[in-house]
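Asks: Mind having a look at this structure? Questions to follow.
Laboratory data are not the source of any read-out in this text; all were calculated from the coordinates shown. Keep in mind that what you see is a predicted model, and the values were worked out from it rather than measured. Positions of Cβ are backbone-derived with ideal geometry, glycine not excepted, and every protein chain shown enters the neighbour counts.
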Amino acid sequence: MSIFFRASYGNAGLSAKQILNDPVLFLAFGFGSGLAKSMPGTFGSLAAIPLYLGLSQTPDWLYWLVTAAVVLIGIPICDQAARKLQVHDYGGIVWDEIAGLLLTLSVVPFSWQSLAAGFMLFRLFDIIKPWPIGWLDRRVSGGLGIMLDDVAAGIFAALVLRILF
């Protein structure tokens, strides 16, 4: 057993190796970042930063196209991952955090300050889940439900970030 990884994941008892070797689970677990024993959502959000840094150098239309694709393909990815793990919205499924952070940062030009503020705001809204984020989290199931609360948290964080910057 590792101090960084769990012995098994989900009700299916999958190993880290099984997750990393399954393309759907590899994506759902944010390229492995969701395997973290504690704070997998934060590590999943951190995994979005290299993608964001690359996209921040592209035209706005491309940033939005990729972000929309991340959100839309996240629905079946998260749904299939939840089924394989036999747990709805398992903490290690962090593709939704990647989408949420990309949405958060979409409304401001790149700066290290906006990145840090956006990261903190997104994590705050994702953790405390004010209405309607918490309501969506409890009421919408499947891959759409897994994605929707983080998309909402990303939108809330983006609104605050836009006001700040």
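Asks: Listing SER38, SER45, SER114 from the residue with the fewest other Cβ atoms within 10 Å to the one with the most, what is the order?
Replies: The order, fewest Cβ neighbours first, is SER38, SER114, SER45.
Asks: Tell me which residues come under 5 Å, amide H to amide H, from LEU14 once H is placed; ignore anything under 5 positions away on its chain.
Replies: For LEU14, the qualifying residues are TYR9.
Asks: Using Cα-Cα distances under 8 Å and only pairs 6 or more residues apart, what relative contact order does region 16-164 have, in percent? Working shown, then result.
Replies: Working: 216 pairs, mean separation 40.7, N = 149.
Answer for region 16-164 is 27 percent.
Asks: Okay, next question. Could you please rank LEU62, LEU148, LEU51, placing first whichever residue has the fewest other Cβ atoms within 10 Å of its Cβ?
Replies: On the way: LEU62 11, LEU148 21, LEU51 16.
The most exposed by this proxy come first: LEU62, LEU51, LEU148.
Asks: Within 10 Å of each residue's Cβ, count the other Cβ atoms and sort THR104, THR58, THR67, THR42 from fewest upward. Don't jump to the answer; show the numbers that get you there.
Replies: Values: THR104 34, THR58 12, THR67 21, THR42 17.
Exposure proxy ranking, most exposed first: THR58, THR42, THR67, THR104.
Asks: Here is a follow-up. As I understand it, the value is the acute angle between the Cα axis of helix 95-105 and the longest principal axis of the Cα atoms of the chain; what does it come to in degrees, rounded to 10?
Replies: The two axes meet at around 10 degrees.
Asks: When the Cα centres of region 28-53 and region 68-130 are compared, how far apart do they sit, in Å?
Replies: Region 28-53 and region 68-130 have Cα centres spaced 9 Å from each other.
Asks: Lys/Arg Cβ at +1, Asp/Glu Cβ at -1, dipole of the chain taken about the Cα centre: which of ALA7, TRP95, ALA116 is farthest positive-ward?
Replies: ALA7
Asks: Another question, if that's okay. Which entry in (i) 26, 17, 15; (ii) 30, 17, 12; (iii) 23, 21, 16 is this structure's computed semi-axes √(5λ) of the Cα gyration tensor in Å?
Replies: (i)
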